[in-house]
1. List, please: which pairs have Cβ atoms under 6 Å, are six or more places apart or on different chains, and start with a residue in segment 79-93 that is closer than 15 Å to Leu111 by Cα and among the β-branched types (Val, Ile, Thr) and end with one that is buried (at least 24 other Cβ atoms within 10 Å of the Cβ) and at pLDDT below 95?
2. Quick check: anything in segment 307-320 within 15 Å of the ligand (Cβ to nearest atom), under 15 Å from the mean Cα position of the chain (by Cα), surrounded by 17 or more Cβ atoms within 10 Å (Cβ to Cβ) and under 30 Å from Ser26 (Cα atoms)?
3. So which pairs qualify, if the first residue must be in segment 277-296 and free of Cβ contacts under 8 Å to residues at least 12 places away in the same chain and away from the ligand (no atom under 16 Å from the Cβ), the second must be aromatic (Phe, Trp, Tyr) and open to solvent by 40 Å² or more (accessible area, probe 1.4 Å), the Cβ gap must be under 9 Å, and the two must be at least 6 apart or on different chains?
4. Of everything in segment 143-183, what is among the hydrophobic types (A, V, I, L, M, F, W, C) and in a helix (DSSP H, G or I)? Give them in sequence order.
5. Determine the pairs where a residue that is closer than 15 Å to Met269 by Cα, located within segment 297-318, has a partner that is open to solvent by 80 Å² or more (accessible area, probe 1.4 Å) with Cβ atoms under 8 Å apart, the partner being 6 or more residues away or on another chain.
6. For Gln303, which of the numbered conditions (1) open to solvent by less than 70 Å² (accessible area, probe 1.4 Å); (2) within 15 Å of the ligand (Cβ to nearest atom); (3) modelled with pLDDT of 95 or more fails to hold?
7. Take the residues of segment 184-210 that are part of a helix (DSSP H, G or I) and over 14 Å from Ser243 (Cα atoms): which is nearest to the chain's Cα centre (by Cα)?
8. Can you say whether Pro259 is within 16 Å of the ligand (Cβ to nearest atom) and open to solvent by less than 70 Å² (accessible area, probe 1.4 Å), as far as the supplied structure shows?
Amino acid sequence: MYRIEDHMGRRFEKLRVSLLNTCNFSCTYCVSDSTTAAPQGIALAPATHEEQLDTNEFAALIAAVHELCNLKSIRLTGGEPLLYMNLMPLIEKIKLIGIDDIRLTTNGYYLKQTARQLKESGLQSINISLDAIDTVLMKTIARHANPQKVFEGIETALQEGLHVKLNAVIMRGQNESQIIPLLEYAAKLGIKVRYLELMKMGHLHNGQNELFFSEQEILETISRKYPIRRLDRTASETARYWSAGDDRVFGIIANESTPFCHDCNRLRMDSRGYFFGCLSNANGEKLAPYIHDQESLTKKLRQLLLLKQPVKFHGSSLSMRNIGG
Ligand code: SF4
């Protein structure tokens with residue numbers, strides 16, 4: 001086995017795969033305008049752009065990287081991965097490669113009709129983006145959301161036995177009023193909510209940070225109502241967790257306030273087959289030409305690992321929709 005490790009002892013252990021760059025929502029922190037969203041209810045064919053990989057190409061690349069890195073888990077993202085027509089066959093192929101821990105991040109819109117198949121195809125856990133309980137606010141942020149469908153999707157995923165976590169991007173003057181309602185909603189369902197500090201990605205890369213709402217402000221908001229206690233952090237985990245009394249547990253992914261680059265183990269692939277060693281570095285590399293040559297592939301993976309930030313995320317011109325965050 002080739003050793004692919006950097007001077008900080010970091011390795012690629014988790015692969016995040018963006019299956020397509022299309023989504024039926026247009027969240028304000030992800031894309032600059034609402035015109036790029038896919039029409040509601042339309043399950044798009046996989047070939048959304050000329051370089052889009054097909055299911056066999058995804059599987060071949062995942063297998064080659066797994067061979068060298070012994071991946072612990074795969075996270076399937078997008079755009080909106082539930083729009084990827086061959087999702088279940090791809091999950092089954094990944095299982096056959098020998099990776100059991102398969103996860104997915106979704107906006108939840110199509111979850112009611114797909115949760116059972118996802119579970120049956122072998123998916124383990126699912127993160128659902130939910131930036132507000134207030135349906136007017138949810139529509140304002142997602143710009144195309146159908147709140148009822150999202151809530152039904154969350155409940156169906158739980159009924160089908162999927163492990164569910166909620167992700168909420170908190171923005172000043174937009175949805176900080178939703179921090180407590182999200183915490184109480186998640187506690188009612190017996191699940192965790194993670195609050196994300198806004199990331200300077202894509203159209204926000206060079207923007208002002210007036211929307212930024214910090215980890216400290218989130219903690220102050222919650223501790224005004226509930227006593228909070230810090231919980232131990234799992235190595236390489238992006239979120240840090242707290243309890244807020246009585247079965248309420250929340251996390252914060254504070255890429256700005258409490259960076260987590262020191263033990264980052266994430267590798268990313270987009271829907272064209274470009275690999276990115278670090279979210280802060282938009283220089284991707286196509287690895288398909290090397291998948292039958294382990295020495296060259298090892299060299300390429302080592303080069304990608306060297307792109308990782310030593311301390312913290314510096315923003316990225318990469319758009320969330322293309323790389324899945
Ligand atoms: S900025 Fe790069 S090194 Fe830091 S956590 Fe993100 S992907 Fe990992």
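The values are calculated or read from the model by the stated rules, or taken from the named source; none is laboratory data. Because the structure is a prediction, the values reported are computed rather than measured. Don't worry about glycine lacking a Cβ; one is built from the backbone with ideal geometry, like all the others, and counts go over all protein chains shown. Side chains are part of the model used for accessible areas, which takes the heavy atoms of the whole protein and leaves out ligands, DNA and RNA. Shrake-Rupley method; radii C 1.70, N 1.55, O 1.52, S 1.80 Å.
1. Close Cβ pairs (under 6 Å, with a partner that is buried (at least 24 other Cβ atoms within 10 Å of the Cβ) and at pLDDT below 95) do not exist here.
2. Step one: list which residues in segment 307-320 are within 15 Å of the ligand (Cβ to nearest atom), which gives 307-318, 320.
Next cut, under 15 Å from the mean Cα position of the chain (by Cα) only: 318, 320.
So of that shortlist, the ones also surrounded by 17 or more Cβ atoms within 10 Å (Cβ to Cβ) come out as 318, 320.
Narrowing further to those that are under 30 Å from Ser26 (Cα atoms): 318, 320.
The answer is yes; a qualifying residue exists.
3. From segment 277-296, the pairs are Ser296/Tyr290.
4. We begin by selecting, within segment 143-183, every residue among the hydrophobic types (A, V, I, L, M, F, W, C); these are 145, 150-151, 154, 157-158, 162, 164, 166, 168-171, 179-180, 182-183.
Of everything in segment 143-183, those that are among the hydrophobic types (A, V, I, L, M, F, W, C) and in a helix (DSSP H, G or I) turn out to be Val150, Phe151, Ile154, Ala157, Leu158, Ile179, Ile180, Leu182, Leu183.
5. Leu305/Arg11; Leu307/Asn283
6. Only one criterion is unmet by Gln303, namely (1).
7. Residues of segment 184-210 part of a helix (DSSP H, G or I): 184-189, 202-204.
Subsequent filtering for residues that are over 14 Å from Ser243 (Cα atoms) retains 185, 188-189, 202-204.
Numbers: Tyr185: 21, Lys188: 24, Leu189: 21, Gly202: 15, His203: 18, Leu204: 17 Å.
Among them, the one singled out is Gly202.
8. Numbers: within 16 Å of the ligand (Cβ to nearest atom): yes; open to solvent by less than 70 Å² (accessible area, probe 1.4 Å): yes.
Here the answer is yes, as Pro259 does meet what is asked.
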